[in-house]
Amino acid sequence: MRRILKKLDLGALLNNEECRLLMEYQEELRLRSPESYMIFHDRYADILAEGYALRLPRFAVEMDEFMNYLLLNPQLTGPGEDIFAVSPGPMPSFPGHIKISNDLRFKKWLDELLPKNNPREFPPPREKDIIIKYEDGNPLKETGIKSHFERLSRYPFISRLQTYRHLNSKAAGDRIEYLSPDRLGGIFTNKEKSIYYHIYLTEANEEKAKHACEFLNSILYK
């Protein structure tokens, strides 16, 4: 690992195998040594995001897990509920979000995503494990796509993720778009190219699919 980190420090290009080993290393470090992981994150997160489209989580428990918890427990976002109450409430399970819990901008953003006064429904949680398919069956062929799919798979209303095709040129920006009542389309860009992929939902419902599309764009790209 020292050799790979030294290459990063020198600005040398990592190959796919080195990226895979690095992501395995960061995951182990994040779970076993949070203090060391924070040093690793502060030093390499921007380099990996900008150069390889590899995203390093900020905390052991992330925003994705936090939002997923709220999706599976909608009663916590009902009228009069304070989801940031330390006791009772979900916050003890999400220590990484205590700092932002008092940020009014975060509360406003969360209320836009999961409005209390006019709640919008998502497709129901999947009952089976998510299905993930990569072009040629190779998740490491395109740098960053495996990590991106793993993040998306945390959301329970997604039943299947599948790469579809490469775009002829790099997209101006990544996004997710509505395709049909049970399917969304997404664009993922790494250092070399843009990849188009499909997101299959657990239910065919136009209103819920459009809500899921808006929600994912807000989580991933705002």
With the structure loaded, tell me whether Thr202 is closer than 22 Å to Gly51 by Cβ and either under 17 Å from the mean Cα position of the chain (by Cα) or surrounded by 16 or more Cβ atoms within 10 Å (Cβ to Cβ) (or both) or whether it fails that test.
no
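Is it the case, given these coordinates, that Gly89 is modelled with pLDDT under 55 and either surrounded by 12 or more Cβ atoms within 10 Å (Cβ to Cβ) or over 30 Å from Glu17 (Cβ atoms) (or both)? Steps first, please.
Working: modelled with pLDDT under 55: yes; either surrounded by 12 or more Cβ atoms within 10 Å (Cβ to Cβ) or over 30 Å from Glu17 (Cβ atoms) (or both): yes.
So Gly89 passes the test.
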When restricted to Ser159, Ser147, the only residue of a type in the set (Gly, Ala, Ser), surrounded by 15 or more Cβ atoms within 10 Å (Cβ to Cβ) and in a strand (DSSP E or B) is Ser159
Test for Phe106: is it part of a helix (DSSP H, G or I) and at pLDDT below 75
yes
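Take the residues of region 36-52 that are in contact with a helix residue (DSSP H, G or I) (Cβ under 7 Å, 6 or more places away or on another chain) and of a type outside the set (Ser, Thr, Tyr): which is surrounded by the most Cβ atoms within 10 Å (Cβ to Cβ)?
Let us first name the residues in region 36-52 that are in contact with a helix residue (DSSP H, G or I) (Cβ under 7 Å, 6 or more places away or on another chain), namely 36-37, 40, 44, 47, 52.
From the residues that got through so far, the ones that are of a type outside the set (Ser, Thr, Tyr) too are 40, 47.
Numbers: Phe40: 18, Ile47: 15.
If we take residues in region 36-52 being in contact with a helix residue (DSSP H, G or I) (Cβ under 7 Å, 6 or more places away or on another chain) and of a type outside the set (Ser, Thr, Tyr), then Phe40 is surrounded by the most Cβ atoms within 10 Å (Cβ to Cβ).
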Over region 167-179, the set of residues under 15 Å from the mean Cα position of the chain (by Cα) and part of a loop (DSSP other than H, G, I, E, B) is Asp174
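Can you find, within region 180-222, the residue that is nearest to Arg126 (Cα to Cα) among those that are β-branched (Val, Ile, Thr) and outside any strand (DSSP E or B)?
Residues of region 180-222 β-branched (Val, Ile, Thr): 187, 189, 195, 199, 202, 219.
Now narrow it down to the ones that are outside any strand (DSSP E or B): 202, 219.
Working: Thr202: 6, Ile219: 20 Å.
Among them, the one singled out is Thr202.
The values are calculated or read from the model by the stated rules, or taken from the named source; none is laboratory data. All values derive from a computational prediction rather than experimental measurement. Counting neighbours? That spans all protein chains shown, and the Cβs are built from the backbone with ideal geometry, glycine included.
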